[in-house]
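Notes to accompany the following structure.
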Amino acid sequence: MSDEFRVEVELDDEQHGYSVDERLRALDLDDDTRERLGQSVMVTRDGSRLFLYAASDAQAREAERVVRNLIDADELTAKTFVTRWHPVEEAWKDASIPLPRTADEEEAEYAAREAAEAVEAELDRGYDWHVVIHLPGREEAAELEIRLEAEGISVARRWRYVVAGALTEERAEDMADRLRGELPDAELTVEVNLSGLQLPPFLFLPF
């Protein structure tokens, strides 16, 4: 898996973001700069914020230098940061922070990811992943609902269906594997919530 780096540019005004974006599109770079940049840097804009995606730290630093020169030439005020994607934590962090090298460091990043997603789920009252359990009868579904709630799992039940929330795909898969062993007559699927963190208004299930 290749490394991913990002230059984050925070300008004072949304119009300034548009201005720098347009200047980057029209920029005529010299050969030395093109060589240092190497392959294309991908650029996105969100209002007054620009994001430049690069394949290496060196490419990101050169992209930051180019953007900083444009900002200074236009006498704008902006903050720039170079960040690196941490796949275990699923977060952009300062590029000076190395990726985890040991099992303990990976576990620490995973714990940080779960903590952040727990806060997000609490704020939005929803989950990114769901385990959908289709049971043979309504009574079995009601019993499972009570049992999962006692474990502290967020649950919704409708007729013979139970939907359990999970913070991460790994948690959802672990829950599904456990329940498959405990409920041999049930049908289970793991679903990603693509409609935001809250349960979608209509959840289509197998009959």
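The values are calculated or read from the model by the stated rules, or taken from the named source; none is laboratory data. Bear in mind that the values here come from a model prediction, so they are computed numbers and not experimental data. For neighbour counting, all protein chains shown are included, and Cβ atoms are generated from backbone atoms with ideal geometry for every residue, glycine included.
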Which of the residues that make up segment 148-165 are crowded, with 17+ Cβ neighbours inside 10 Å, among the aliphatic types (A, V, I, L, M) and in a strand (DSSP E or B)? Val155, Val162, Val163, Ala164
I'm trying to understand the selection: among the residues of segment 75-109, which are over 15 Å from Arg6 (Cα atoms), surrounded by fewer than 13 Cβ atoms within 10 Å (Cβ to Cβ) and not small (Gly, Ala, Ser)? Glu75, Thr77, Arg101, Thr102, Asp104, Glu107
Segment 3-112: helices (runs of 4 or more DSSP H) wholly inside it with 3 or more residues that are farther than 25 Å from Asp128 by Cα and at pLDDT 85 or above are 57-73
I want to confirm something. Restricting to segment 47-65 and keeping residues that are under 20 Å from Ala95 (Cβ atoms) and without any contact (Cβ under 8 Å) to a residue 40 or more places away in the chain, which single residue is surrounded by the most Cβ atoms within 10 Å (Cβ to Cβ)? Glu62
